[in-house]
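Taking it in order: structure first as structure tokens, then the write-up.
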Number of protein chains: 2
Amino acid sequence: MPISKKVSTYLESASWIRKLFEAGNKMRQDGQGPVYDFSIGNPDLDPPPKFKEALKEVALDQRPGQHKYMANVGYLETRQAVATSLSKDFHLPFVPEQIIMTVGAGGAMNTALKALIDPGDEVIIVVPYFVEYKFYIENHGGVPVMAAATPGFDLDPDAIERKITENTRVVLINNPNNPTGVVYPQETIDQLGARLELHNKHRDRPIFLIDDAPYRKLVYDMDTCPSVFHAYPHALMGTSHSKDLGIPGERIGFLAISPQCVDWQRVAAAAAFTNRTLGFVNAPALMQRVVAKVQEELIDLEWYRRKRDRLVAALSRMGYNVPHPKGAFYIFPKAPGGDDIAFIEALQRMRVLAVPGTGFGMPGYFRISYCVNDDIIEGALPVFEKARKM
Amino acid sequence: MPISKKVSTYLESASWIRKLFEAGNKMRQDGQGPVYDFSIGNPDLDPPPKFKEALKEVALDQRPGQHKYMANVGYLETRQAVATSLSKDFHLPFVPEQIIMTVGAGGAMNTALKALIDPGDEVIIVVPYFVEYKFYIENHGGVPVMAAATPGFDLDPDAIERKITENTRVVLINNPNNPTGVVYPQETIDQLGARLELHNKHRDRPIFLIDDAPYRKLVYDMDTCPSVFHAYPHALMGTSHSKDLGIPGERIGFLAISPQCVDWQRVAAAAAFTNRTLGFVNAPALMQRVVAKVQEELIDLEWYRRKRDRLVAALSRMGYNVPHPKGAFYIFPKAPGGDDIAFIEALQRMRVLAVPGTGFGMPGYFRISYCVNDDIIEGALPVFEKARKM
């Protein structure tokens, strides 16, 4: 075997999501009719008109030097726009020096983890978890430690606290959550923050709380998404414009360090360094200039809300056990019969693609990603009904 | 100290290049007159007109779905354009499945190294080396092993061979070379390839030869840059359009796997996986579509050649020991007096920025990056003359 043994092992157990994505691609080309693909968070919704205007403006700008390297952390102008927007959202005085522009939220997570952990350090994540977290943590020699969510998929501060050891360096949460669509209430995040602060009293260096928050602006039935920044000082948020502007292929996001974080200047310097040395170097120049102009823009939330409501109502009527998620674009129902893999395979035979909960460390459930056009939803409903009864 | 201990150690000994870049930025704002900055490979030359046309065309394209995720390896259309171009350049039958679009050459290097090495594996690099290689290798638990170049900075196959152990997994070369500007002749690369093939006879898996080749189209006094693909079957090339199109801030490049590489399908699958799980996910969508249209375009090589000729002639007249580099946009002369750091500090006091050879593992030399406007060169020549005599 010519490749890395570790990567070879990973490949054997590779992400269900992408496997299904590729399967979906193949199915699409087989000429056997439509494919109802709910397997991946790749929005069918186009970016808002103001994004397109900003892109046009930036692309037609003829001033020289627009595609050069800038500082590894990104353009000052972009970081200023982000800091201004975050200050408004979180009522905290963010400055550009606390913002590192990154290659999406995936870039932000790796930049932050590499900056904070040493080999052997433990990073607590919550089950069910986003499939990539184990890779992200192990990339930098970290050890993923799993803590259960509550039965309703809320954060469970008790469960997290039980997993804290002297090697714990980071607690990584994902709010709004992928795969459940749950939005953690501020109260629960506050409780987690309070527990961490108690632990810090007996430690040389604080535990960091990282929020992976690419869906933070995709919340329904509430005004704003609850935040780690109000709950705990030593907090970082990684996010991207993949979902709020609908541009995941462009790889533009940022890492924000709380103004209240211990020695945030040092954390920012470390992240600037790791953003560079992990090979990102800097977030794409052109998109940095575009997003600086549209920090307050948002894709059509109603487009998502309607789909959520339609799907939750229809699946509930069919007898699925469906929670009513308040964020992101995921639904995480119980798999009828209890065997999520068998259930997903049955759906796939009827040309409906979804992801088994096993992929997120949570067998017995399955994930529906509803960022798809209405005809996909309407076409799949009869299949979901049929599968329910099998 | 709140951050990773390892990163903290790195920060203490951080890259001279970026330190000087920041120093240059500060100097620029001090109002004390012009700064002559030769410290970083950030071309002042704008992209070719056809790049700008292609960018305009792509940015104004109103078809839906243009900013979505694509397969992690990139758009098929882009990989096809790259494969066609490489097939022509190297007279080898590249197919799109051998191309992974990456976040620049830095992304390509990390994607390739992570795909190929396990912790403890050794990667041989040539001294003087590009400053980031040690970080790139150590990111994935690899051990950098240094092999000397010849006195004229050519590859030294003997020196490399002496460093091969049973743990050697990769030989990483950089052609044309940063910091020396040397272009390795095909003959030397062929010799290296032949040595590696002899070693492979006694090994379970072959040693990989990776060429970091972002400057491959910036060669003077020759038609094309010599290549690893002609010298050795198990070869990969990482490159970017940062230099040939003059767009380093956009982070667009690719990794190409030789059609003759052992089990290239497996290597490609591993690289697709690591490109995703390192957090790059995919190369920026919009720039992928742009570069697909301009694979045969090139910035104005004459712009660089004139600067090289002017600088080499002027510095030689002043008594500097200057080789005559055939590629990239670097000159690597001996530091007068022998103490490169003292010499660079003296230059800096006269507002000329360059990088001491110590930063590349080669004390006693210094690097001039001549991708700057003519007024920078002309303004700095008197300073170089004065420093020569100090």
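Rule-based calculations on the coordinates, nothing more; no lab input. Everything numeric in this text was worked out from a predicted model, so none of it was measured. Note that each Cβ is placed from the backbone with ideal geometry, even for glycine, and that neighbours are counted across all protein chains shown.
Near the amide H of B:V143, within less than 5 Å, lie the amide hydrogens of B:G120, B:D121, B:E122, B:V123, all on another chain or at least 5 residues away, with H placed in the peptide plane. Relative to the other identical copies, B:G338 shows label-point distances of 8.1 nm, where the label point lies 7 Å from Cα along the Cβ direction and values run shortest first. Here the Gaussian network model covers chain B, with springs between Cα atoms less than 10 Å apart; of B:D156, B:D309, B:D190, B:D309 fluctuates the most. Among B:N178, B:N275, B:N200, the largest mean-square fluctuation in a Gaussian network model of chain B (Cα springs under 10 Å) belongs to B:N200. Taking the Cβ of B:G65 as the center, what net charge do the other residues with Cβ under 11 Å away carry, scoring Lys and Arg +1 and Asp and Glu -1? That sum, taken over residues with Cβ under 11 Å, equals -1. According to the square roots a ≥ b ≥ c of the eigenvalues of the Cα gyration tensor, what is the shape class of the range B:16-169, taking rounded for a/c under 1.5, prolate for a/b larger than b/c otherwise, and oblate for the remainder? The shape class here is oblate.
Exposure proxy shown here: for A:T165, A:T274, the number of other Cβ atoms within 10 Å sets the order, fewest to most, as A:T165, A:T274.
Scalar couplings 3J(HN,Hα) for the range A:321-331, obtained by applying the Karplus form with A = 6.51, B = -1.76, C = 1.60 to θ = phi - 60°, are 8, 10, x, 10, x, 9, x, 6, 9, 10, 10 Hz; x denotes Gly and Pro. For the protein assembly as shown, state what percent of all Cα-Cα pairs lands in each successive 20 Å bin, counting from 0 Å until the bin that includes the largest distance. Binned Cα distances yield the sequence 17, 50, 29, 4, 0.
What is the average number of partner chain Cβ atoms found within 10 Å of a Cβ in A:59-71?
On the way: counts 9, 5, 0, 2, 1, 4, 7, 7, 16, 13, 11, 3, 4.
Across A:59-71, the average partner-chain Cβ count within 10 Å equals 6.
Distant-in-sequence amide contacts of B:D46, defined by a placed amide H-H separation under 5 Å and a gap of 5 or more residues or a different chain, comprise nothing. For the range B:274-298 and the range A:236-294, what is the separation of their C-alpha centers, rounded to whole Å? The range B:274-298 and the range A:236-294 have Cα centres spaced 19 Å from each other.
Qualifying GluC sites (Glu not before Pro) in the range A:162-221, where qualification requires a DSSP coil assignment and no more than 11 other C-beta atoms within 10 Å, comprise A:E166.
Chain A's nearest residue to the axis relating it to B, judged by Cβ and reported with the distance in whole Å, is A:A59, 2.
The GluC sites (Glu not before Pro) found in the range B:129-162 include none that occupy coil by DSSP while having at most 11 further C-beta atoms within 10 Å.
Residues in the range A:367-374 carry Karplus couplings, in order, of 9, 10, 9, 9, 7, 10, 5, 4 Hz; the curve used is 6.51 cos²θ - 1.76 cosθ + 1.60 with θ = phi - 60°, and Gly or Pro positions show x.
Taking the Cα centre of the range B:50-292 as origin and charging only Cβ (+1 Lys, Arg; -1 Asp, Glu), how large is the dipole, in debye to the nearest 20? Charge dipole, the range B:50-292, about its Cα centre: 800 debye, nearest 20.
A label point on B:E187, set 7 Å along the Cα-to-Cβ line, lies at 8.0 nm from each of its counterparts in the other copies, closest listed first.
Computed over neighbours whose Cβ is under 10 Å from that of A:Y320, the net charge equals +2, Lys and Arg +1, Asp and Glu -1.
Distance from the alpha carbon centroid of the range A:139-159 to that of the range A:165-217 works out to 9 angstrom. Between the amide H of A:A148 and those of A:V127, distances stay under 5 Å, these residues lying 5 or more places away or on another chain, with hydrogens modeled in the peptide plane. On the principal axes of its alpha carbon atoms, the range A:134-232 extends 40, 29, 24 Å, with the longest extent given first. When both bridge partners sit in chain B, DSSP labels roughly 40% of those beta bridges antiparallel.
Only the Cβ atoms of Lys and Arg (+1) and of Asp and Glu (-1) were treated as charged; on that basis the dipole of the protein assembly as shown about its Cα centre amounts to roughly 80 debye. The string of couplings for the range B:85-101 from the Karplus curve (6.51, -1.76, 1.60, θ = phi - 60°) is 5, 5, 4, 5, 5, 10, 6, 10, x, 5, 10, x, 5, 9, 10, 10, 6 Hz, one whole number per residue in order, with x for Gly and Pro. With the label put 7 angstrom out from Cα along the Cα-to-Cβ vector, B:K50 ends up 3.8 nm from the copy partners, going from closest to farthest. Each of A:M287, A:W264, A:T150 was placed along the dipole of the range A:50-293 (beta-carbon charges, centred on the mean Cα), and the one lying farthest toward the positive end is A:M287. Each residue in B:V294, A:V127 was given a count of other beta-carbon atoms within 10 angstrom of its own, and listing them fewest first yields A:V127, B:V294. As a ratio to 2.2 N^0.38 Å, the alpha-carbon radius of gyration for chain B is 0.98.
Applying both filters, DSSP loop and at most 16 other Cβ atoms within 10 Å, to the GluC sites (Glu not before Pro) of the range A:296-390 gives A:E296. Among the residues of B:243-253, the average count of other protein chain beta-carbon atoms within 10 Å of the residue beta-carbon is 5. Look at the stretch A:282-289: the mean tally of other chain Cβ atoms within 10 Å of its residues' Cβ atoms is 6. Helix content alone sets the calculated 222 nm mean residue ellipticity of chain B: runs of n ≥ 4 DSSP H residues at -39500 (n - 2.57) each, divided across all residues, give -12000 deg cm²/dmol.
Treat the count of other C-beta atoms within 10 Å as a stand-in for reagent exposure and order B:T224, A:T358 from fewest to most. It would help to have the intermediate numbers written out before the result.
On the way: B:T224 11, A:T358 18.
Going from sparsest to densest Cβ surroundings: B:T224, A:T358.
Considering only the Cα atoms of the range A:311-390, their convex hull presents on average a projected area of 4.8 nm². Rounded to the nearest 5, the antiparallel percentage of DSSP beta bridges internal to the protein assembly as shown is 40%.
Springs join every pair of Cα atoms under 10 Å in this Gaussian network model of chain B, and among B:G142, B:G364, B:G31 the largest mean-square fluctuation is at B:G31.
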